[in-house]
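Encoded as structure tokens, the structure appears first; notes follow it.
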Amino acid sequence: MSEPTKQRYLLQGNEAIVEGALTAGCRFFAGYPITPASEIAEQLSIKLPAVDGTFIQMEDEIASMGAIIGASLAGVKTMTATSGPGFSLMQENLGFACVAEVPCVIVNVMRGGPSTGLPTSPAQGDVQMARWGTHGDHSIVVLAVSTVMDSFTVTVKAFNIAEKYRIPVILLSDEVVAHTRECVELPAKSEIKVIDRIRPSVPPDWYKPYEGDARGVSPMAAFGDGYRHHVTGLIHDVMGFPTQKPREVKEFHLRQTKKISRGFSDIQMTKGYFLDDAETFVIAYGAVARSALSAVQEAREAGIKVGLLQLITLFPFPRRTVAPLLGQCRSVLIPEMNLGQMSREIQRVNQGMCNVVKYNRIDGKFITPREIYAQLTKL
Amino acid sequence: MPIPAQALRHKYLRHNKKFPHVWCPGCGNGIVMGALLRAIYRLDIDQDDVVLASGIGCSGRMPTYLDFNTLHTTHGRALTFATGIKLAKPELNVVAIMGDGDATAIGGNHFIHAARRNLNLTAIIINNSIYGMTGGQYSPTTPFGSKSTTSVYGHIEHAFSIAELAVTAGASFVSRATVYHADLIDRLIEQAMEKRGFAVVEVISNCHVQYGRRNKLGGAVDMLKRFKEQSITVNRAAQMSPEELEGKTTIGVLIDRDLPISTEEYKKVRQKAGTLKEKV
Amino acid sequence: MKGQQKQEDRYEIRFSGSGGQGLITAAVVFAEAVGVYDGKYVCQTQSYGPEARGGKSKAEVVISSKPIDYPKALELDLLLAMNQAACDAYFYDLKQNGLLVVDSGLVEQHPTSRIIAIPFTDIAKDEIGRKLVANMVALGAVGLLSGQVDLDNLEKALLARVPKGTEEMNSRALQRGIEEARKINLDDLPRAVMSDDYDEV
């Protein structure tokens, strides 16, 4: 084994996100430097021009978000990457991407917050912000990665979901995953499913940019393709023009919600470990899922019937996977590097079925397997 | 040769969008819109190849009425969206339409950086010295001492000079007109759209409803007359002292220079990156 | 230790010192050799202050024959300390009978007699001619002393990472480190004094 196999690489989580994005067909990136996400921009500034893509460093994260929406409207798959403070600035145009149904991927490598917070320490404090950060009711998809390999595969999925449903997808990483180097074997391009947005097939005169097909998703024409249409942040009718008619406003909202709920089976991703006969279980995501897996394996060896549900999709909350487990198990432990942002969702679904135990750490330190194990023995 | 107004209306206005528009009678926005259409008509650019991106405010509604690829973005951010479009499809003619508060308050940072970056974009800024749509609050171009709904005791800050700001920030082409000088606006927009590089057309406009009324400047016609009296061409201004220029508006082309365009420069980056890739 | 991968499945190394000493580079090369070339499971992490030069710097490598869940070091098998502050701060993270390897020119006060002291920086400066490659001298020594990596693969990984034109110098530095480490007989080192149940407290 002295010669490296061709596709085995030692990569950081951030580098794997770059590889995933390029594999998924991302050809435009706009961003602003920020720790711990900067490696993504640095790598893409080298690699995008080599594949006829475009990299640009904008004047701030507001502008970065604007630029990726613009490029996506021009027909290109786009991404930006940031951390908490930049993610705060992106909320405004993120809302625009929701309303105007513009596919794009926003990577948030979480660090300690609020404000400037703890720039080089891990945290999971942006989970609810990813769901509800931009104002107004909106649908959005939030995914979380826990390993370097995840950082590759889930990034590809993020693009696929964005393109398939015409929505912004938020990919949450954290300082631990972003900066850990692991060996990964990247699959060949032919083994990876890549989804592109559907383009209109009707003549331009017939095109209704916001009518929605059976799935509730409209084909998307790019600017310059002959389908002259209007795109606005105002609530709009099926033609894209502003409307205040209650019926049209309601239809606008319902279609946006329905197109996501119709895709639940596709969008909601989880990984289960030792769940079949579990009497108690852990729900974890991001880097914490790694510690949780260690602890659960150790507990199994000690004869404790405990399982692990790792959430890859945080929102839309995978209720249909979680609820039966809450019914099956006596207790659930939710370790998080925040004060309980996902445990709120679990409690909401739980409705008293199961004993919900939180374990939270907010001191900038990564939760260790030992800490989780100690909690497990008390369940 | 005069352009038949009806032909222009039939060609470029969106028949499937219910008019009337949101602008008050006498508003300068319509004059700028007409000038933009005449410029595009004369340049004979295919409608499919034009993108109009606007921000928020009265000016922001302009693209809605026009039959091009149109984008009504968030407040102050038109240039950031335009940047993404232009980089993704450099062959498109991208025009950003903004107001004074839009471009130089909330979008001020984007404006100066777009000028510095020098993409091949056109920026039209309709400067009426006030936030009209939200009810007449002071903007970065509201003159010192003026009244607005947030400066009823008289404005205590100084106004930006937008065109000069663009010159300093590095734009390739910077020009100014007023809505009194409708023909000049066409010509400036035409030149700006032809210009290779970031090109700015600032149009001094009237908001008689929110600004003129509170500052006893009369109606739309009175304000336009005042624009005529205050305006002075770039060439004449060059021969006048700063004291003589006090209270005057310089109109015409302030700067027209050839600078490297970032879309062109990026082609070189791609070549370098491509060669690098072959080596590795 | 309860609640984590069994320690026999993990070998943990920390490279520590100050920013600018190239400790992260050393750890990345080590991880690449072990992971990409030797084909074992490996996780490499680091932490550092906001300073690009000076300040504390540490980089870790966890090696296992099985997938690694928890990526950071928990109990060190080997600690490389390239200055006194790092030695003082991290010595207590070493497990029973773990190896403490220090730069003898930079670490004067030894927290234990169970220590391997090699003048990495002096060797780099005086023999290789560049103080900068002290990290590679140390990498060679850590490579041999840990027994976790094929030394030929360590050199291959090193040559793949260093800038063109510096291969020869880096390779010489690595070999000097290996050579110095060969002089050490690990069996001659004193055993740790503290009892085994100490860390269960």
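In table form, for the structure just shown:
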read-out: Residue in segment A:92-102 that is surrounded by fewer than 24 Cβ atoms within 10 Å (Cβ to Cβ), more than 28 Å from A:S265 (Cα to Cα) and either away from chain C (no Cβ under 14 Å) or touching a strand residue (DSSP E or B) at 6+ places or on another chain (Cβ under 8 Å) (or both) present; value: yes
read-out: Residue check for B:K89: crowded, with 20+ Cβ neighbours inside 10 Å and over 20 Å from B:N29 (Cβ atoms); value: yes
read-out: Test: residue in segment A:247-265 that is within 14 Å of chain C (Cβ to nearest Cβ) and over 27 Å from A:I362 (Cα atoms); value: no
read-out: Residues located in segment A:74-86, provided they are within 8 Å of another protein chain (Cβ to nearest Cβ) and closer than 10 Å to A:C104 by Cα; value: A:V76, A:T78
read-out: Candidates A:I69, A:I62 - the one that is touching an Asp or Glu at 6+ places or on another chain (Cβ under 8 Å), modelled with pLDDT of 95 or more and at the interface with another protein chain (Cβ under 7 Å from one of its Cβ atoms); value: A:I62
read-out: Exclusive hit being within 14 Å of chain C (Cβ to nearest Cβ), of a type outside the set (D, E, K, R), closer than 27 Å to A:V142 by Cβ and outside any strand (DSSP E or B), set A:V184, A:V194, A:V176; value: A:V176
read-out: B:L37 part of a helix (DSSP H, G or I), within 13 Å of chain A (Cβ to nearest Cβ) and out of contact with any Gly (no Cβ under 6 Å at 6 or more places or on another chain); value: no
read-out: Matching entry among A:V249, A:V238 (being assigned to a helix (DSSP H, G or I) and over 21 Å from the mean Cα position of the chain (by Cα)); value: A:V249
read-out: Flag if A:V322 is modelled with pLDDT of 95 or more, under 19 Å from the mean Cα position of the chain (by Cα), within 30 Å of A:G117 (Cβ to Cβ) and within 14 Å of chain C (Cβ to nearest Cβ); value: no
read-out: Test: residue in segment A:37-51 that is modelled with pLDDT of 95 or more and under 20 Å from B:N109 (Cβ atoms); value: yes
read-out: Single unsatisfied condition, A:A50 versus (1) touching a residue at least 40 places away in the same chain (Cβ under 8 Å); (2) farther than 24 Å from B:R116 by Cβ; (3) in a helix (DSSP H, G or I); (4) among the aliphatic types (A, V, I, L, M); value: (1)
read-out: Selected residue [among the hydroxyl-bearing types (S, T, Y) and closer than 17 Å to B:S205 by Cα] from B:S151, B:S146; value: B:S146
read-out: Residues satisfying the stated conditions in segment A:296-322, i.e. assigned to a strand (DSSP E or B), closer than 16 Å to A:A144 by Cβ and of a type outside the set (A, V, I, L, M, F, W, C); value: A:Q310, A:T313
read-out: Residue within segment C:141-157 that is within 14 Å of chain A (Cβ to nearest Cβ), more than 18 Å from C:F15 (Cβ to Cβ), exposed (fewer than 15 other Cβ atoms within 10 Å of the Cβ) and more than 13 Å from the chain's Cα centre (by Cα) present; value: yes
read-out: Matching residues in segment A:28-44 - criterion: being at the interface with another protein chain (Cβ under 9 Å from one of its Cβ atoms) and either surrounded by fewer than 22 Cβ atoms within 10 Å (Cβ to Cβ) or assigned to a loop (DSSP other than H, G, I, E, B) (or both); value: A:T35
read-out: Residue check for A:D213: without any contact (Cβ under 8 Å) to a residue 24 or more places away in the chain and either surrounded by fewer than 17 Cβ atoms within 10 Å (Cβ to Cβ) or assigned to a loop (DSSP other than H, G, I, E, B) (or both); value: yes
read-out: Unique residue being in contact with a Ser or Thr (Cβ under 9 Å, 6 or more places away or on another chain) and not assigned by TED's automatic domain parsing to the domain that holds A:D150 when the list is A:R300, A:R320, A:R361, A:R348; value: A:R320
read-out: Segment B:44-77, residues that are more than 8 Å from chain A (Cβ to nearest Cβ) and not in a loop (DSSP other than H, G, I, E, B); value: B:V50, B:L52, B:S54, B:S59, B:G60, B:R61, B:M62, B:Y65, B:L66
read-out: Residue list for segment B:78-94, filter: under 20 Å from B:N109 (Cβ atoms) and more than 7 Å from chain A (Cβ to nearest Cβ); value: B:A78, B:L79, B:K86, B:V94
read-out: All positions within segment B:21-34 that are of a type in the set (A, V, I, L, M) and either outside any loop (DSSP other than H, G, I, E, B) or under 12 Å from the mean Cα position of the chain (by Cα) (or both); value: B:I31, B:V32, B:M33
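Let's see how each residue does on (1) free of Cβ contacts under 8 Å to residues at least 60 places away in the same chain; (2) surrounded by 13 or more Cβ atoms within 10 Å (Cβ to Cβ); (3) in a helix (DSSP H, G or I):
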position	(1), (2), (3)
B:N215	no, yes, no
B:G218	yes, yes, no
B:E229	yes, no, yes
B:R236	yes, yes, yes
B:E244	yes, no, yes
B:T250	no, yes, no
B:P260	no, no, no
B:E265	yes, no, yes
B:V269	yes, yes, yes
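The values are calculated or read from the model by the stated rules, or taken from the named source; none is laboratory data. Just so you know, these numbers come straight off a predicted model, no measurement behind them. Cβ atoms come from the backbone with ideal geometry, glycine included; neighbour counts cover every protein chain shown.
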